[in-house]
Structure formats: structure tokens, C-alpha cells
Amino acid sequence: MTTSTDFSPQLRAERLAVETLYRAFSEQTPDLVDAVLASDWDDIPLAPGQAPGPAGVKTIIRMLGAAFPDVQITVHDMVQQPGKVGVRAEISGTHLGELFGIAPTGKQVNFRLHEFHTLAGGVITTTWHMEDWFGLFMQLGRFPPA
């Protein structure tokens, strides 16, 4: 584990790549991922209907931005070693667009996100993630249709 005072150039570059991925969501700028995701990036698990690779996550960024126009990702913790970054974060926003078939509720929500990224050559090659979708659906008072 590192602190902000002992980052090597490699660790700084890897941290910036991960931060840029989250910025793509918060700024609703999907093309930011082109510089930080490997062309064969593996996103585990894929969301329903998500294509693999960077193109697939761009669809998710757009979908989340349409459902939550004020979406923000707040990173609470980053744990890092060369080639690996673990993140504990929170997604927040106002539900103003359809999400997984759930009509807009106007509710302000926040839900947790945990991710583990592997990197090589300064780009993210694999991301394992788990979002608290159950917690989000409870806040919305609805679940996606079966």
C-alpha cells in the first residue's frame, strides 16, 4: 500500500488512469476511456446488454448519465500496488431518466461501488466490480421488471 508521498511515476500513471475512468462517468464524457482502457479491456461482470471492451462501457456511461444527469462518483479509498488498484466509491445522483426499465422517480440516491483494477503499460486491462444495485432499487422503491 502506498501513500500520496511515495508514488513512483508508474503508480501515479496507474492512479490517473483509474481516476480518469471515474471522471468519464461523472463528467459524462465516454471518450475519456479511450486513453485509459486497453482495447481488449475485460469488465467483469458485464451489465445486462453491455458489449465487451471500451465501447461497451461507453454505453453504460451514457445510460447512467441519462438516468442520473447529475451523476457523481466519489472515491472514498484507493489501495494500490504496482499493476493493481482497489477502489471503494459511491455513486450519487437524481433519478430523472429511465434505468433498467424503471421510470424516473425524481429521488436523490446514492449507492456503493467496489472495484479492483489490473493495469499494464499505464492502461486498465481488467476490472472486477460490484455495485449495490439492491440498495439503489430499495431507495427508488422499485425493482426492474422481470
> Which pairs have Cβ atoms under 6 Å, sit 6 or more apart or on different chains, and link a residue in segment 31-51 that is closer than 15 Å to T126 by Cβ and at pLDDT 95 or above to one that is surrounded by 14 or more Cβ atoms within 10 Å (Cβ to Cβ) and among the hydroxyl-bearing types (S, T, Y)?
Replying inline: V36/T20; A38/T125; D42/T126; D43/T127
>> Looking at segment 59-79 only, could you name the residues that are exposed (fewer than 14 other Cβ atoms within 10 Å of the Cβ) and in a helix (DSSP H, G or I)?
In response: R62
> For residues in segment 1-20 being part of a loop (DSSP other than H, G, I, E, B) and touching a strand residue (DSSP E or B) at 6+ places or on another chain (Cβ under 8 Å), which is modelled with the lowest pLDDT?
Replying inline: T2
> Taking segment 49-58, which residues are surrounded by fewer than 17 Cβ atoms within 10 Å (Cβ to Cβ) and within 20 Å of L136 (Cα to Cα)?
Replying inline: G49, Q50
> Is at least one residue of segment 88-95 within 25 Å of R15 (Cβ to Cβ), surrounded by 13 or more Cβ atoms within 10 Å (Cβ to Cβ) and touching an Asp or Glu at 6+ places or on another chain (Cβ under 6 Å)?
Replying inline: yes
>> Give me the residue from segment 130-146 that is surrounded by 15 or more Cβ atoms within 10 Å (Cβ to Cβ) and either touching a residue at least 60 places away in the same chain (Cβ under 8 Å) or assigned to a loop (DSSP other than H, G, I, E, B) (or both) and, out of that set, farthest from the chain's Cα centre (by Cα).
In response: R142
> So which residues in segment 21-56 are out of contact with any strand residue (DSSP E or B) (no Cβ under 6 Å at 6 or more places or on another chain) and part of a helix (DSSP H, G or I)?
Replying inline: L21, R23, A24, P30, D31, L32, V33, D34, A35, A55, G56
> Restricting to segment 125-146, what's the tally of residues that are more than 22 Å from V57 (Cα to Cα) and among the aliphatic types (A, V, I, L, M)?
Replying inline: 3
> With respect to the numbered conditions (1) surrounded by 15 or more Cβ atoms within 10 Å (Cβ to Cβ); (2) closer than 14 Å to R15 by Cα; (3) not acidic (D, E), which one is the sole condition not fulfilled by P82?
Replying inline: (1)
> Which pairs do you get when a residue that is under 15 Å from E27 (Cβ atoms) and of a type in the set (K, R), found in segment 55-66, comes within reach of a residue that is in a helix (DSSP H, G or I) and at pLDDT 95 or above, reach meaning Cβ atoms under 6 angstrom, with the pair 6+ apart or on two chains?
Replying inline: K58/P30
> Just one of the numbered conditions (1) of a type outside the set (D, E); (2) surrounded by fewer than 16 Cβ atoms within 10 Å (Cβ to Cβ); (3) farther than 30 Å from Q10 by Cβ is not true of H114; which one?
Replying inline: (3)
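The values are calculated or read from the model by the stated rules, or taken from the named source; none is laboratory data. From a predicted model like this one, the values you see are computed outputs, not experimental measurements. Heads up, the Cβs are rebuilt from the backbone with ideal geometry, glycines too, and the neighbour counts pull from every protein chain shown.
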